[in-house]
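Here the structure is laid out as structure tokens; the discussion comes afterwards.
The values are calculated or read from the model by the stated rules, or taken from the named source; none is laboratory data. These numbers come from a predicted model, not from an experiment. Every residue, glycine as well, gets a Cβ built from its backbone with ideal geometry; the counts of neighbours run over all protein chains shown. Note: accessible area is taken over every heavy atom of the protein model, side chains too, but ligands, DNA and RNA are not part of it. Shrake-Rupley method; radii C 1.70, N 1.55, O 1.52, S 1.80 Å.
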Amino acid sequence: MMKKRFIIMGVIFSMVASLCGCGQEKQDQKSSGNLKEITLVLDWTPNTNHTGLYVAQEKGYFEDAGLKVSIVQPPDNGATDLVASGGAQFGIDFQDTLAAAFSSDSPLPVTAVAAILQHNTSGLISLKEKGIESPKKLEGHSYATWDSPIEQKTLEYVVQKDGGDFGKVKLISTYVEDIVAALHADIESVWIYYGWDGIKCKQAGLDTNYLAFRDMDETFDYYSPVIIGNNQYLSENPDTAKAFLRAVKKGYEEAAGDSEEAAEILCKNVPELDEQLVKDSQEYLSGQYIADADSFGIIDATRWNRFYNWLNENNLVANEIPENTGFTNEYLEK
């Protein structure tokens, strides 16, 4: 599920809700059918990162909160630009790609309000026969790159930390759509999200080595993905934002507790997905939504800041990102 590689299939419906309301009004709205409309734009096509949203929708948790939530797929320029412009109140992005939004001369008015996964589940995968058992072993092997400065600096950092020479890694600029086919062709290593492409490789019976970035260095245990909100909407509608996240939290808690039911709900709502892939992926990701956190959605300031400080130190952002920029836990139910 490479976040840089969007497969656009949907049509975006622009809806901006401007009503304000308190907690007591929510039940009145539900009973009268006057639900507050919210649009949430995904980062990619629907997958198991998003299951909790569909659980909340399927079980009526959004309606219980006085909300009518539309889950849509991203436009060509991605979810964050749509949220920043007010075309959607909430969206999904990743901490590393949000760096550009926070460090530009005109920072985008968005804030991460909840972590969907507590830890970074991305890493490098290769066929075991290639012998890439550590970052140093990438020397002499090919790697599929999407040519992002942050991506390549991360790879350089872990290779050099392991005593390797990054200059000896063969970078191939290519878009990997089929991970199994790529590993059987001329691509020897790929940056993947294990919960989707790692599961695909396992289902295909591939014998692989997988190197998780969070295990290579704690700096790279950043948040991916996160739910973001439009700053003006959050400021003007704090109760509605809290109600939305309360319903989302309940959906993800249930997905964490019952992966089988969660997979069934996702497949029901997105029938084009491969049922067995969803089931196996969900079994893995259900343990990642909350993991070792006190509750769903919490963003740890130390981990958030550590990654952005690394970007600052390595001149990977246009302007330095101050600590505690771009996230808040204030809309999450304690």
- Note on the structure: Non-local residues with an amide H under 5 Å from the amide H of HIS141, with H modelled 1.01 Å from N and Pro and chain starts lacking one, are LYS170
- Task: Mind putting a number on the dipole of the chain about its Cα centre? Charges go on the C-beta only, +1 for Lys and Arg and -1 for Asp and Glu, and I need it in Debye to the nearest 20.
- Result: 200 debye
- Query: Taking all pairs of different Cα atoms in the chain, averaging 1/r and flipping that mean, what Kirkwood radius in angstroms comes out?
  - Reply: 20.5 Å
- Please list the non-local residues whose amide H lies under 5 Å from the amide H of SER70, H modeled 1.01 Å from N, same-chain partners needing a gap of 5 or more. ILE38, THR39, LEU40
- Task: Per DSSP H run of n ≥ 4, the term is -39500 (n - 2.57); total these for the chain, divide by its residue number, and report the mean residue ellipticity at 222 nm rounded to 500 deg cm²/dmol.
- Result: -11000 deg cm²/dmol
- Task: Would you mind working out the magnitude of the charge dipole of the range 279-334 relative to its Cα centre, with +1 at each Lys and Arg C-beta and -1 at each Asp and Glu C-beta, to the nearest 20 Debye?
- Result: 80 debye
- Query: Put +1 on the Cβ of each Lys and Arg and -1 on the Cβ of each Asp and Glu in the chain; which of GLY66, VAL41, GLN118 then has its Cα farthest toward the positive end of the dipole?
  - Reply: GLY66
- Task: Among ASN34, ASN49, ASN237, determine the one that fluctuates most according to a GNM of the chain built with springs between C-alpha atoms less than 10 Å apart.
- Result: ASN34
- Task: Might you report the magnitude of the Cβ-based charge dipole of the range 197-334 about its Cα centre, with Lys and Arg at +1 and Asp and Glu at -1, to the nearest 20 debye?
- Result: 280 debye
- Message: I'd like the accessible area for GLU253, computed on protein heavy atoms only with a 1.4 Å probe and all protein chains in place. Round to 10 Å², please.
- Response: 70 Å²
- Net charge near ALA301 (other residues with Cβ under 15 Å of its Cβ; Lys, Arg +1; Asp, Glu -1) is -4
- Item | Low-density loop cleavage sites - chymotrypsin sites (Phe, Trp or Tyr not before Pro) in the range 149-186, where at most 16 other Cβ are within 10 Å (DSSP) | TYR175
- Message: Students often forget the sequence filter, so: which lysines lie under 19 Å Cα-Cα from LYS128 once same-chain residues fewer than 8 apart are removed?
- Response: LYS136, LYS137, LYS170, LYS200, LYS202
- Query: Mind checking the log10 I(q)/I(0) for the range 154-292 at q = 0.14 Å⁻¹? Debye, one equal scatterer per Cα, no solvent, two decimals.
  - Reply: -0.90
- Distance in nm between LYS334 and GLN232 label points, each 7 Å along Cα→Cβ, equals 3.1 nm
- Message: Can you give me the long-range amide H partners of TYR331? Hydrogens built in the peptide plane at 1.01 Å from N, cutoff under 5 Å, separation of 5 or more residues or another chain.
- Response: none
